[in-house]
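Report on the following structure.
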Amino acid sequence: MTGKPKAPSSALADVGRLFVDPPVAPHQLGHRERLRERFLDGGAGAMPDYELMELVLFAAIPRRDVKPLAKALIARFGGFAEAIAAPRARLLEVEGIGEAAVTQLKIVEAAALRLSRTAMLNR
């Protein structure tokens, strides 16, 4: 076999793009860490609903800007609590929400319900 080596097929080249991190805008650098610090310093009361939603979504969507998604969820359902409590099927209707994000939201809902139940039993 002589001659030029074959160039990789375009399909293989496209697969490689799946593993490249998307470009990050300068204002996004450190955004997640800044939000976490603000939460630790001031608690949930110091944050608007969409920022609290961002914190929840970080665990489910580790390599994407989740601010637009957090804002879309709040706008669609009316607030943080309403988005967390929304039915799975309705959550999946929101563009950008997948099973991992729905699971994360439902974990938060289950934790909130357990905390409130425990508080009621202790009264």
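The values are calculated or read from the model by the stated rules, or taken from the named source; none is laboratory data. Everything numeric here is computed off the predicted structure, so don't read it as measured data. Positions of Cβ are backbone-derived with ideal geometry, glycine not excepted, and every protein chain shown enters the neighbour counts. Please note that ligands, DNA and RNA were not included when accessible areas were found on the heavy atoms of the full protein model with its side chains. Shrake-Rupley method; radii C 1.70, N 1.55, O 1.52, S 1.80 Å.
For the stretch 56-70, putting each phi into the Karplus relation 6.51 cos²θ - 1.76 cosθ + 1.60 with θ = phi - 60° gives couplings of 5, 6, 3, 5, 8, 10, x, 10, 9, 5, 9, 4, x, 5, 4 Hz, in residue order, rounded to whole numbers and with x for Gly and Pro.
Using a probe of 1.4 angstrom, how much of the accessible area of the stretch 46-85 is carbon and sulfur, in percent?
On the stretch 46-85, the fraction of accessible area on carbon and sulfur atoms equals 56 percent.
Here the calculated FRET efficiency for residue 36 and residue 71, from their Cβ-Cβ distance with R0 = 22 Å, stands at 0.75, rounded to the nearest 0.05. Full extension of the chain between residue 44 and residue 113 yields a length gain of 23.1 nm, computed as 0.36 nm times the residue separation minus the alpha carbon distance. Solvent-accessible area per residue in the stretch 39-123 equals 60 Å², computed with a 1.4 angstrom probe and all protein chains kept.
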